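So the structure is just underneath, and the comments pick up after that.
The values are calculated or read from the model by the stated rules, or taken from the named source; none is laboratory data. These numbers come from a predicted model, not from an experiment. Please note: Cβ atoms are built from the backbone with ideal geometry, for glycine as well, and neighbour counts cover all protein chains shown. All accessible areas refer to the heavy atoms of the entire protein, side chains included, with ligands and DNA or RNA removed. Shrake-Rupley method; radii C 1.70, N 1.55, O 1.52, S 1.80 Å.
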Amino acid sequence: EKCRNYLNEKMETQKVPIYGVTTGFGSLCNISISKEQLSQLQKNLVMSHACGVGDEVPAEVVRLMLLLKVQNFCFGYSGAQLQTVQRLVDCYNDDVLPVVYQQGSLGASGDLCPLANLMLPAILGMGEVYWKGRRCDVGEVYAAKGWQPIALQSKEGLALLNGTQFMSAHAVWSLIQARRLSKWADLVGAMSLEAYDGRIEPFLPLSHRIRPHKGQLATAERFLQVLEGSQLIRRPKEHVQDPYSFRCIPQVHGAVKDNLAYVQSVIENEINGVTDNPNVFPDEDMVISAGNFHGEPIAIPMDTLAIALSELASISERRVYLLIHGYRGLPRYLAPNPGLNSGFMIPQYTAASIVSQNKGLCWPASCDSVPSSNGQEDHVSMGANSATKLVRIIDNVETVLSIELFNAAQALDFRRPLRSSALIERIHADYRKVVPFIEVDTYMHPLMVRSAQFIREKQYL
């Protein structure tokens, strides 16, 4: 309210144009707008920028967008009306989720296009939303709740559309999923190690203390904890070494953990900052047109996280390959009667296909820029593309890890009567409640779907 009142007073006394307050936008910044047209200017901005296309943004990400926009406004440097912020809070609390599309943002003047699609129904009463489990015209919600479209004041439409909430919401969702998948990669990798009759020495602390990366140390320690009490890991081994996909788990999984920690620190800064423009400073009597909307600070880290997570899938697929090839006493393709049965031959194909797709998705979007707004916005981050690619990679990593679990559980059954650790046996027993041991060839797709659902819903660490 202090910021809003300051802007209202400023417009009465300021003779010099203020960008976004008394002028047009982008390359139209030199065109002054009369006081009588300022509200229409802000409304026009939201309507004209709602040009999103492509797939819809998932509901949980839209909720995060609403939350993060409220957070941005609550610092008091944006000039939004209190009733505008309250409307976003109401949409969040009542699960009134605007239909937002994945394509349209350059990640530079903020996420203009998707944020316009977010605000058009919420603030202006136009467009569609998801409400009470179905898609409907937002007019139904306004009628049911007695809402009215909000008459935007000066600068307010720009405050709604400038900002990185599309990118940062995807980043927050991705970090939550990435932390879950990082834990699962360790658990599934440990089950595969047991099933492959792997060695414990690569996880002992001595080697990791002399190369003290935090993630590497943490991964090695976690494997020792997970495999505590295992009969399989302690039995004498005929082989001297394991392949890299087992022996180098601490180094690969650990590097992912280190990158996760870095990206999390960046995103925490982002969502606790102000990213719209211009920034309003009542105490200093200044309105500064700067560039906090530019997505580069998070675009590069999201591309980095995409590369890191893809490595979890890459090394996982290699462990699947080793489990099915008849090494170390396991039957070929993990089939009790190979030849007549193809067994687990083709799930590895699927994993390999997904890993290959990830390689293409890992090309950094942040290294590209296409000028816009008649050259005024001449360098953009493309961070929105970094964000949506990251989500696709996370879905792919989850699928590959679920395929490894599918294989590892089958392979572990061939090691009976020897037992793994209490934790691995508990995971295996829970998994067998939804995915059975495969005696003869069967339709595997439903089982693979259940395997992915198991990883999505279960937590053990």
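Quick notes on this one:
- Residue in the stretch 310-325 that is farthest from the chain's Cα centre (by Cα), counting only those that are open to solvent by 40 Å² or more (accessible area, probe 1.4 Å) and more than 12 Å from ALA352 (Cα to Cα): HIS325
- Residue check: CYS136 meets all listed conditions (1) without any contact (Cβ under 8 Å) to a residue 40 or more places away in the chain; (2) in contact with a Pro (Cβ under 9 Å, 6 or more places away or on another chain); (3) over 28 Å from ASN385 (Cβ atoms); (4) open to solvent by less than 20 Å² (accessible area, probe 1.4 Å) but one, namely (2).
- Neighbours by Cβ (under 6 Å, 6+ apart or cross-chain): first from the stretch 426-446, at pLDDT 95 or above; second open to solvent by less than 20 Å² (accessible area, probe 1.4 Å) and not in a helix (DSSP H, G or I): VAL440/ASN341; ASP441/ASN341
This table checks each residue for (1) basic (Lys, Arg); (2) over 24 Å from ALA169 (Cα atoms); (3) under 15 Å from the mean Cα position of the chain (by Cα); (4) buried (at least 23 other Cβ atoms within 10 Å of the Cβ).
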{"residue": "VAL370", "(1), (2), (3), (4)": "no, no, no, no"}
{"residue": "VAL391", "(1), (2), (3), (4)": "no, no, yes, no"}
{"residue": "GLU404", "(1), (2), (3), (4)": "no, yes, no, yes"}
{"residue": "ALA408", "(1), (2), (3), (4)": "no, yes, no, yes"}
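- Criterion applied to ASN385, ASN374 was being at pLDDT below 95 and either of a type outside the set (Ser, Thr, Tyr) or assigned to a helix (DSSP H, G or I) (or both), and the one residue passing it is ASN374.
- Considering residues of the stretch 334-368 that are free of Cβ contacts under 8 Å to residues at least 40 places away in the same chain and of a type in the set (Phe, Trp, Tyr) only, the residue most open to solvent (accessible area, probe 1.4 Å): TRP363
- Subset of the stretch 108-123 (residues that are open to solvent by less than 10 Å² (accessible area, probe 1.4 Å), assigned to a helix (DSSP H, G or I) and either at positive phi or in contact (Cβ under 8 Å) with a residue 40 or more places away in the chain (or both)): PRO114, LEU115, ALA116, LEU118, MET119, ALA122, ILE123
- Selection status of GLU12, exposed (fewer than 15 other Cβ atoms within 10 Å of the Cβ), at pLDDT 95 or above and of a type outside the set (Lys, Arg): no
- Residue match in the stretch 211-226 (condition: closer than 18 Å to TYR327 by Cβ and of a type in the set (Val, Ile, Thr)): no
- Scope the stretch 286-295; condition touching a residue at least 40 places away in the same chain (Cβ under 8 Å) and either in contact with an Asp or Glu (Cβ under 7 Å, 6 or more places away or on another chain) or surrounded by fewer than 19 Cβ atoms within 10 Å (Cβ to Cβ) (or both); matching residues: SER289, PHE293
- Subset of the stretch 183-211 that is outside any helix (DSSP H, G or I) and not hydroxyl-bearing (Ser, Thr, Tyr) - its residue that is surrounded by the most Cβ atoms within 10 Å (Cβ to Cβ): GLY198
- Among the residues making up the stretch 61-105, a single one is open to solvent by 60 Å² or more (accessible area, probe 1.4 Å), in contact (Cβ under 8 Å) with a residue 24 or more places away in the chain, among the hydrophobic types (A, V, I, L, M, F, W, C) and in a loop (DSSP other than H, G, I, E, B): PHE75.
- In the stretch 195-211, the residues that are hydroxyl-bearing (Ser, Thr, Tyr) form Cβ pairs under 7 Å with partners that are open to solvent by less than 70 Å² (accessible area, probe 1.4 Å) and in a loop (DSSP other than H, G, I, E, B), at six or more places apart or across chains, as follows: TYR196/ARG328.
- Residue identified as surrounded by 24 or more Cβ atoms within 10 Å (Cβ to Cβ) and in a helix (DSSP H, G or I) among LEU160, LEU152, LEU232, LEU224: LEU160
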